[in-house]
Amino acid sequence: MKPFGYLRAGTVREAAEALAEHPGARCLGGGTNLVDLMKLGVERPGLLVDVSRLPLDTVEELPDGSVRVGATVRNSDLAAHPLVRDRYPVLSQALLAGASGQLRNAATTGGNLLQRTRCPHFQDLSKPCNKRTPGTGCAAREGTHRDHAVLGHSEQCVATHPSDMAVALAALDARVELDDGRTTRDLPADRFHRLPGDHPERDTEIRPGELVTGVVLPAATASLPSAYRKARDRASYAFALASVAAVLRTSEDGTVVHVGLAFGALAHKPWRAERAEAALRGGPATEDAFARAVERELEAARPLRDNGYKVPLARNLAVDVLTRLATARNRTGTTEEDS
Amino acid sequence: MTGTGSALGVPAERREGRQKVTGGARYAAEHPLPGRVHAWPVPAGVARGRVTAVHTEAALDLPGALAVLTHDNAPRITEPDDPTLAVLQTPGVPHRGWPVALVVARTPEEARAAAEAVRVEYAVEEHDVRLTADHPEAYEPEKANAGFPARREWGDPDGAFASAPVRVDVSYHVPPLHNHPMEPHTSTAHWDGDRLVVYTSSQGGTAVRAVLTALFELPEDRVTVVADHVGGGFGSKGTPRPDVVLAVMAARETGRPVTVALPRRHLPSVVGHRAPTLHRLRLAADTGGRLTALTHEVVTHTSRIKEFVEQAAVPARVMYATPASRTLHRAVRLDVPSPSWMRAPGESPGMYALESAMDELAGALGMDPVDLRVLNEPEREPDSGKPFSSRHLTECLREGARRFGWDRRDPRPRARGEGPLLLGTGVAAATYPVLVGPSRAEARALPDGSFVVRVNATDIGTGARTVLAQVAADALGVPLERVRSEIGDSDLPSAPLAGGSSGTASWGWSVHRACTELADQLGSRTGPLPDEGITAHADTAGLADADSPYARHAFGAHFAEVAVDTVTGEVRVRRMLGVFAAGRILNARTARSQFIGGMTMGLGMALTEGSTMDAAFGDFTEADLASYHVPAHADVPAIEAHWIDEEDAHLNPMGSKGIGEIGNVGSAAAIGNAVHHATGVRFRELPLTPDKVLAGLARPVTSGRGG
């Protein structure tokens, strides 16, 4: 096996310095994806920086009412956290829709964001893959691609990002915190992952030497009606065929005041449905309006030979979830933040 | 429990259960012999061609690397009957994934790394891996798998079909499926001087020993094959697989004990799969519902090196009375991995198609599908004309209908819903042949009042140790706890495999015979037993394999309820219920486990499982348990297995039929029929994943293609 170094980082700064000094080093959180990829030979880091013991394992409310989630908070813990369950149900639901109980117990918030595509060709060293080895070609575009992207793909890559959690973060206007040991910055969650373009080997906007230290859930979307729905081949432990995260606030007269809508498993990143959101904002929160807006968003879809089903599937999911959120509000008369 | 004759049928717990859940049970890779090393195969990276060079220098330079075996330097073996075992003998590459080298190193990790460093050059030829119903190279083999004639025909099926008032002419498609047992195919081989000891994950150690003695030209008494515990097989360990041959080669080459634990990702190409089957069924009936013709034609694939023809049209020779029938198999040799045995070979895909078509016929007739089946019950086995030793399909259907609440069913499709969910129920019949083979066994009475039965049976997770002790206790008339069974070692009296649902019948028959003989000896003697006890031997050759004048099969009925989500196309089973007529049930606990295991596997076949042949590369896309979707717990709902008390004097001394496979047969059809009932749409290609179902729901509703 390829020998690798192992560093148990005590501070963010120590971890960031190690990452900067060792190009190709990888952060080890729960290891649920990275270790698999190392066994397959897809990832061959010279150094593993174990960040699992960094003091980033808390969920805390900040003075401005937002909620900060540390990068090493386990997926199970985050899903079960009262602040998340109460204020951001879409996030709790998305986390619980992912992987299996055992994996969620190990997987971390940062690791979930940084997990790699499950494209079967990416994971198979005997196949060409521009994401794994730039310039070798794409085995999926003409090969097996039922699970692949319909939006935003490129000639180079048709892979999808597998995270459920990240879809909810995008819909919630969450921000991802990055730290290179000297300075910190943050990015909107829906700008953290990239479209493949000509550089499918780059999944995210993270810079060399940076690590994810946390995620901030904004006060603005706290306690808004929200929900996640995922379609999959089996009832548990399966990646999404398509998924949707939605946050919806309507006024007394049924007008859309706030909407956040994101799709999973349709693209190389969580797909923020900005066109649909713009079409809905200020308009009626009706099933027809949802359908028109979502269809408008999905006009951009360019399905491959065998994944055209994703377009009607995503449409149905989004219309269903938005309609339920709108109906739930009408049924209860007021939502919590109104009362 | 005490008393006599009471051990059979009781829900005795698995004897090795505690060992297994506490990690004490040793599997084939868990025998840490001194100096033991590990080997990792190098799979062929092309689908067809030959190896022109294997560069091993870089691999051998890596830490821990000990040897690289290739077709140039691997030990020569006698040509095996099974061509998939002829590994590292020639440069030929019959399919992608075929082992072209084997790396031996100190640790599994070092072996894996060195295997990655082996560079192989090929002369590549164009490959063809696409199975189509009208493939120009399709041929009709002489025999289908298990020795069945490829074609059987009586009456004038075409004429009868053409003139029938009610007709169904439909095609079904079952994709390639993989067994994927929890424990991968694994062998540890150790040469002790000129003795060979092998720990292997196999469904039958006697056959492994026979193959190894032939391939390596060894006398039988110098080979011991141990299969203490086996983490599932589902047919894929029914015969020796390349891991055991590679391990023995590597042990011989390196002079050290060697473990070959096939990586999960290698399994789809190397240890067999259920071949895809394309079915065309033509059913004709009179207006009263009696079949006038039944035609079941199957096209499947096999590999270039081995003819294995999934016998999917065979159950149609058993199931229904019809004056005219044709059942036939055609195969296409493709550049694909060799297909092989998978739970209920033939019956599983064949009964999916036949029982789906029967449901379509019931729809075309406007008849209840239970009644249609009962109406078409044959008096004798249709193909052979033999009387059935016992056949209680009608009782299974009626009892299942009663328990399931079938009489409350609204037969109209798409009539029940809950919001966006469509609900439906379905029924299908099951059949599986009674198979049994000759076996030896030994029974010993010890002075302390305990007994030992010894037979080279294999426990693949079914509870073989337990049930054989029950058979012995029953024959001896002693309490169960006084009987110990020794199995899983080829130095024990030889016995056939755990496969074809034949294990318990085959081993049990010889155990019963030995114990009966021992009881006779004990009854006629006085005084204490000698220290070594007294022993009786049995061999059922000539008995167990004698031709029977009866057609012997187990039967069953499956009922399923599904919910189909019109938003997503997701199908989820709400409940499954099976009723089986399988002779005497010998252990209520482990039998139930087998039945519901089979039904769960049918659920997977119906809804979640399938392997995709990648035409560009010639391999299966799904290479791990994350992508090959066996049902998760969340998929398996309320699931019930029941059986009827069936007495059959024409089987074996226990009166038992096999139960390992019948639970699987027909269960996928019951689910598919329920999906049709729920949606009004007939889906004819498995698995019923959201992509297919959502597309189908968008099509206009049909209610069968009755003519």
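Taking 35 Å as R0, compute the FRET efficiency from the Cβ-Cβ separation of residue B:140 and residue B:109 and round it to 0.05.
Numbers: r = 49 Å, r/R0 = 1.39.
Using R0 = 35 Å, I get an efficiency of 0.10.
For B:78, B:566, A:286, what ranking results if the residue with the fewest other Cβ atoms within 10 Å of its Cβ goes first?
Values: B:78 12, B:566 19, A:286 15.
If I rank by nearby Cβ atoms, fewest first, I get B:78, A:286, B:566.
Of B:642, B:602, B:538, whose Cα points farthest to the positive end of the dipole of segment B:524-656 (charges on the beta-carbon: +1 Lys, Arg; -1 Asp, Glu; origin at the Cα centre)?
Of the options given, the answer is B:642.
Mind checking Rg over Rh on segment B:13-62, alpha carbons, Kirkwood formula for Rh?
Numbers: Rg = 19.5 Å, Rh = 15.7 Å.
Rg divided by Rh gives 1.25.
Per DSSP H run of at least 4 residues, take -39500 (n - 2.57); add these up for chain A, divide by its residues and hand me the 222 nm value, nearest 500 deg cm²/dmol.
Value at 222 nm, helices only, nearest 500: -8500 deg cm²/dmol.
If the only charges are +1 at each Lys and Arg Cβ and -1 at each Asp and Glu Cβ, what is the size of the charge dipole of the protein assembly as shown around the Cα centre, to the nearest 20 debye?
Values: 115 positive and 128 negative charges, 192 e Å.
So the dipole magnitude of the protein assembly as shown works out to roughly 920 debye.
Once you charge only the Cβ atoms, +1 for Lys and Arg and -1 for Asp and Glu, what is the size of the charge dipole of segment B:547-643 about its Cα centre, to the nearest 20 debye?
Details: 7 positive and 11 negative charges, 153 e Å.
With Lys and Arg at +1 and Asp and Glu at -1, about 740 debye.
So if I average 1/r over every pair of distinct C-alpha atoms in segment B:1-146 and take the inverse, what Kirkwood radius in Å does that give? Walk me through the numbers on the way to the answer.
Details: mean 1/r = 0.0514 Å⁻¹.
Computed over Cα pairs of segment B:1-146, the Kirkwood hydrodynamic radius comes out at 19.4 Å.
Can you pull a Stokes-Einstein diffusion coefficient for segment A:20-144 at 25 °C (0.890 mPa s), Rh from Kirkwood over Cα pairs, as a whole number of µm²/s? The partial results should precede the final answer.
On the way: Rh = 16.3 Å.
Taking Rh from Cα pairs, D becomes 151 µm²/s.
Determine the percent antiparallel among the DSSP beta bridges restricted to chain A, to the nearest 5. If you can, show how the numbers build up before the last one.
Working: 37 of 44 bridges.
Approximately 85 percent, going by the DSSP bridge assignments.
If you count, for every residue in A:226-238, the Cβ atoms of partner chains within 10 Å of its Cβ, what is the mean?
Working: counts 0, 0, 0, 2, 2, 9, 6, 13, 15, 12, 5, 8, 7.
Other-chain Cβ atoms within 10 Å of each residue's Cβ, averaged: 6.
Relative to the present Cα-Cα distance, how much length would full extension add between residue B:450 and residue B:649 at 0.36 nm per residue of separation? Could the numbers behind the result be given before it?
Values: separation 199, 0.36 × 199 = 71.64 nm, distance 3.01 nm.
Net length gain for the segment: 68.6 nm.
Taking the Cα atoms of the protein assembly as shown, what is the range of coordinates along each of the three principal axes, in descending order and whole Å?
Ordered largest first, the protein assembly as shown gives principal extents of 93, 74, 61 Å.
DSSP beta bridges in segment A:1-109, what fraction antiparallel, as a percent rounded to 5? Could you put the intermediate results ahead of the total?
Values: 4 of 11 bridges.
Antiparallel: roughly 35 percent of the beta bridges in segment A:1-109.
Say the dipole of segment B:269-361 comes from +1 at the beta carbon of Lys and Arg and -1 at that of Asp and Glu; which of B:302, B:277, B:358 then lies farthest toward its positive end?
Checking the options against the dipole of segment B:269-361, the answer is B:302.
On average over all directions, what projected area in square nanometres does segment B:360-416 have, based on the convex hull of its Cα atoms? Let's see the in-between values first.
Values: hull surface 19.7 nm².
So the Cα hull casts an average projection of 4.9 nm².
With the calculation restricted to Cα positions, what are the radius of gyration and Dmax of segment B:310-395 in angstrom?
15.0, 46
Are there trypsin sites (Lys or Arg not before Pro) in segment B:62-164 that DSSP puts in a loop and that have at most 14 other Cβ atoms within 10 Å, and which ones? Show your work: numbers first, answer last.
Working: sites: B:76, B:96, B:106, B:112, B:119, B:130, B:143, B:151, B:152; in loops: B:76, B:96, B:106, B:130.
Here the sparse-neighbourhood loop sites are B:76, B:130.
Obtain the nm distance between the two label points defined at residue A:186 and residue A:205 by a simple spin-label model: each point lies 7 Å from its Cα along the Cα-to-C-beta direction.
Simple spin-label model gives 1.4 nm for this pair.
Cross-link candidates for residue B:692: which lysines have Cα within less than 17 Å, leaving aside residues fewer than 8 places away along the same chain?
Partners within reach: A:230, A:310.
Please state the shape class of segment B:644-689: rounded when a/c is under 1.5, otherwise prolate if a/b exceeds b/c and oblate if not, all from the C-alpha gyration tensor. Walk me through the numbers on the way to the answer.
On the way: a/c = 5.34, a/b = 3.14, b/c = 1.70.
Prolate.
Once both axes come from the Cα atoms, what is the angle between helix A:12-21 and the longest principal axis of chain A, in degrees from 0 to 90, rounded to 10?
60 degrees
Hey, got the Cα dimensions of chain B along the principal axes, in Å, largest first?
Computed over the Cα atoms, the extents are 75, 74, 49 Å.
Above 22 angstrom, tally the Cα pairs of segment A:223-338 and express them as a % of all pairs, no decimals.
Numbers: 2055 of 6670 pairs.
Here the tail beyond 22 Å accounts for 31 percent of pairs.
Give the Kirkwood hydrodynamic radius (Å, one decimal) of chain A, defined as one over the mean of 1/r across all pairs of different Cα atoms. The partial results should precede the final answer.
Working: mean 1/r = 0.0492 Å⁻¹.
Evaluated over chain A, this radius sits at 20.3 Å.
Please rank A:39, A:310, A:127, fewest neighbouring Cβ atoms within 10 Å first, as an exposure proxy.
Values: A:39 14, A:310 29, A:127 24.
Listed from fewest to most nearby Cβ atoms, that is A:39, A:127, A:310.
Mind telling me which of A:16, A:300, A:246 comes out most flexible in a GNM of chain A, alpha-carbon contacts under 10 Å?
A:300
Using only the Cα atoms of segment A:5-50, what do you get for the radius of gyration and for Dmax, in Å?
Here Rg and the maximum Cα pair distance are 10.3, 30 Å.
Under a plain spin-label model, where a point goes 7 Å from the Cα along Cα-to-Cβ, how far apart in nm are residue B:625 and residue A:324?
In this crude label model, residue B:625 to residue A:324 measures out at 3.0 nm.
Could you tell me what % of all Cα pairs in segment B:415-460 have separations over 16 Å? Don't skip to the answer; put the middle values down first.
Values: 752 of 1035 pairs.
Across segment B:415-460, Cα pairs with separations above 16 Å total 73 percent.
Can you list the aspartates and glutamates whose alpha carbon sits under 20 Å from that of residue B:20, skipping same-chain ones fewer than 8 residues off?
Cα-Cα hits under 20 Å: B:30, B:183, B:228, B:459, B:481, B:486, B:489.
To the nearest 500 deg cm²/dmol, what mean residue ellipticity at 222 nm is calculated for chain B from DSSP H runs of n ≥ 4 alone, each contributing -39,500 (n - 2.57), summed and divided by the residues? Please list the in-between numbers first.
Numbers: 15 runs with 162 residues, N = 707.
Result for chain B, helices only: -7000 deg cm²/dmol.
Pick from A:34, A:313, A:95: which residue has the top mean-square fluctuation in a GNM of chain A where Cα pairs under 10 Å get a spring?
A:313
What is the Cα centroid distance between segment A:282-318 and segment B:212-266, reported in whole angstrom?
54 Å
Considering only segment B:86-236, what is the antiparallel percent among its DSSP beta bridges, to the nearest 5?
Details: 7 of 11 bridges.
Just about 65 percent of them are antiparallel.
Determine the dipole magnitude for segment A:1-87: charges of +1 sit on the beta-carbon of Lys and Arg, -1 on that of Asp and Glu, nothing else is charged, the reference point is the Cα centre, and the result goes in debye to the nearest 20. Numbers along the way, then the final one.
On the way: 11 positive and 12 negative charges, 71 e Å.
Here the size comes out at about 340 debye.
How many angstrom lie between the C-alpha centres of segment B:513-570 and segment A:204-279?
With segment B:513-570 and segment A:204-279 each reduced to a Cα centre, they are spaced 58 Å.
May I ask you to sort A:205, B:110, B:647 by Cβ crowding, counting other Cβ atoms within 10 Å and putting the fewest first?
Details: A:205 14, B:110 21, B:647 9.
Neighbour counts put them in this order, fewest first: B:647, A:205, B:110.
Over all distinct Cα pairs, what is the inverse of the mean 1/r for segment A:258-298, reported as the Kirkwood hydrodynamic radius in Å? Could the numbers behind the result be given before it?
On the way: mean 1/r = 0.0963 Å⁻¹.
When all Cα pairs of segment A:258-298 are included, the Kirkwood radius is 10.4 Å.
How large is the translational diffusion coefficient of segment B:439-522 in µm² per second when you combine the Kirkwood radius over alpha carbon pairs with Stokes-Einstein at 37 °C and 0.692 mPa s? Mind dumping the intermediate values first?
Values: Rh = 12.3 Å.
Rounded to a whole number, D works out at 267 µm²/s.
In Å and on Cα atoms, what radius of gyration and Dmax does segment B:217-331 show?
Gyration radius and largest Cα-Cα distance of segment B:217-331: 21.8, 73 Å.
Distances longer than 22 Å among the Cα atoms of segment B:76-200: what percent of all pairs is that? Intermediate results must be reported in sequence, preceding the final value.
Details: 5193 of 7750 pairs.
For segment B:76-200, the share of Cα pairs beyond 22 Å comes to 67 percent.
In peptide B:256-265, what is the residue-averaged number of other protein chain Cβ atoms found within 10 Å of each Cβ? Don't jump to the answer; show the numbers that get you there.
Working: counts 0, 0, 0, 0, 0, 0, 0, 2, 0, 4.
Counting other chains' Cβ atoms within 10 Å and averaging over B:256-265 gives 1.
FYI, it's all coordinate maths here, none of it is from the lab. Quick caveat: nothing in here was measured; it's all calculated off a predicted structure. Every residue, glycine as well, gets a Cβ built from its backbone with ideal geometry; the counts of neighbours run over all protein chains shown.
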